[in-house]
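Below you'll find the structure, written out as structure tokens, and then a few comments.
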Amino acid sequence: MTAMLDALYKRIGYPPGQGVSFADLPEFLSLIALQFPFENGAVLNKERIPMTKESLTDALLNNKRGGLCYDLNAFLYYVLKEIGFSVQLVQGTVFHPQEGKWALTGTHIAVILQEGNETYLLDTGFGANLPLKPVPFTGESVSSKTGVYRIRKAKTEKGDYLLEMDKGEGWQTGYAFTLEPIDEAVLADVRDAIFDHEDSPFNKNPLASKLTKDGKLILSKDHLTKHSDGGISKEAIQQEEFRKIFEDAFFD
């Protein structure tokens, strides 16, 4: 086993001698989601790291941080590739159903996995909207504790496929994407757009979210919201408290 995988397995609590087969991916993805929060601290702190396996491994495994889609899914890609899976990175555009419009074009990153004759989408960087399982391109839906997900082929201005999700209120578009593979240069362009573009939702105020064993945590500059089997609690916070609450509540 490589040093990268050894460190990751220890971090997420995955048995080091077990290996990761396709059948193991739901467990593996769930353990990753419990450890690495979706958060924009690096953007606000202007910590523009290279989009390489070495830099992402150092940031996510050696330092106390999570990341956005281009961090988390690029890291997942490098991990799966090291394990031996056939994977590629692709680019997409998030849809905001409440506003009825697309987000900044091409600023979502996801992982495509080929297993035998089948193709799947994996995503560990879509906030709290994580399928936690490979989503097949057959149109078949998959369910997890976060909702129900499916891939639908549909030509749009932002791509030829849609990740759709049902969070209990019917199907809605998560994002559109293409199957054109991207490289580290495109990852860097996505990172730079998130850092610099005036329409980026991530370069203004702190935010973080992470799945927990019985729900999820969502932290903004104003509130800490906890979803659990016991219900939902919302606590007002001061913006200067964000960093301490984040470090205390989002890392074991």
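The values are calculated or read from the model by the stated rules, or taken from the named source; none is laboratory data. Remember, it's a predicted structure, so these values are computed and weren't measured experimentally. We place every Cβ from the backbone using ideal geometry, glycine too, and count neighbours over all the protein chains shown. In case anyone asks, the SASA skips ligands and DNA or RNA and just uses the protein heavy atoms, side chains included. Shrake-Rupley method; radii C 1.70, N 1.55, O 1.52, S 1.80 Å.
In the context of the full set of protein chains, the chain has a per residue accessible area of 47 Å² (1.4 Å probe).
With the Cα gyration tensor of the stretch 125-193 in hand, give its eigenvalues times 5 under a square root as the equivalent ellipsoid semi-axes, listed largest first in whole angstrom.
In descending order, the three semi-axes are 23, 15, 11 Å.
Of all DSSP-defined beta bridges confined to the chain, some 100% are antiparallel rather than parallel. Accessible-area rank, largest first, for 232, 83, 32: 232, 83, 32, with all protein chains present and a 1.4 angstrom probe. Available extension along the chain between residue 115 and residue 204 is 28.1 nm, counting 0.36 nm per residue and deducting the alpha carbon span. For the chain, place one equal point scatterer on every Cα, skip the solvent, and apply the Debye formula. What is log10 of I(q)/I(0) at q = 0.07, 0.08, 0.16 Å⁻¹? The computed values of log10 I(q)/I(0) come out as -0.22, -0.29, -1.31.
Taken over the stretch 61-190, the convex hull of the Cα atoms encloses 124 Å³ per residue. For the pair residue 144 and residue 44 in one chain, pulling the backbone fully straight at 0.36 nm per residue adds 32.8 nm over the alpha carbon distance.
Suppose R0 equals 35 Å. What FRET efficiency, 1/(1 + (r/R0)^6) with r the Cβ-Cβ distance, do residue 223 and residue 52 give to the nearest 0.05?
0.50
The Rg/Rh ratio of the stretch 1-141, with both radii computed over alpha carbons and Rh defined as the Kirkwood radius, is 0.96.
Residue 179 sits among other residues whose Cβ lies under 11 Å from its own Cβ, and their net charge, with Lys and Arg +1 and Asp and Glu -1, is -1. Listed by chain and number, the aspartates and glutamates placed with their C-alpha closer than 16 angstrom to that of residue 153 are 118, 140, 164, 180; residues fewer than eight positions away on the same chain are left out. Start at zero, step by 10 Å, and the Cα-Cα distances of the stretch 50-109 spread as 21, 42, 26, 10, 0 percent across the bins.
3J(HN,Hα) couplings calculated from phi for the stretch 132-148 with the Karplus curve 6.51 cos²θ - 1.76 cosθ + 1.60 (θ = phi - 60°) are, in sequence order, 6, 8, x, 9, x, 7, 6, x, 5, 8, 10, 10, 9, 5, 9, x, 10 Hz; Gly and Pro show x. Calculated on the Cα set of the stretch 110-252, radius of gyration then Dmax: 17.3, 52 Å. Mean sequence separation of contacting Cα pairs (under 8 Å, at least six apart), scaled by the length of the chain, corresponds to a relative contact order of 17 percent. Across 5 Å bins from 0, what is the distribution of all Cα-Cα pair distances for the stretch 155-194, in whole percents? Using 5 Å bins, I get a P(r) of 6, 19, 17, 21, 19, 10, 7, 1 for the stretch 155-194. If the segment from residue 188 to residue 99 were pulled out straight at 0.36 nm per residue, it would be longer than the present Cα-Cα gap by 29.3 nm. Just the protein heavy atoms count here, and of the accessible area of the stretch 111-234 at 1.4 Å, carbon and sulfur take up 45 percent.
Using the membrane-span-like helix rule (whole DSSP H runs, Cα extent along the own axis of at least 24 Å, mean Kyte-Doolittle hydropathy at least -0.5), which helices of the chain qualify?
Span-like helices, by this rule, are absent here.
Rounded to whole Å, the principal axis extents of the Cα atoms in the stretch 211-251 read 29, 20, 10, largest first.
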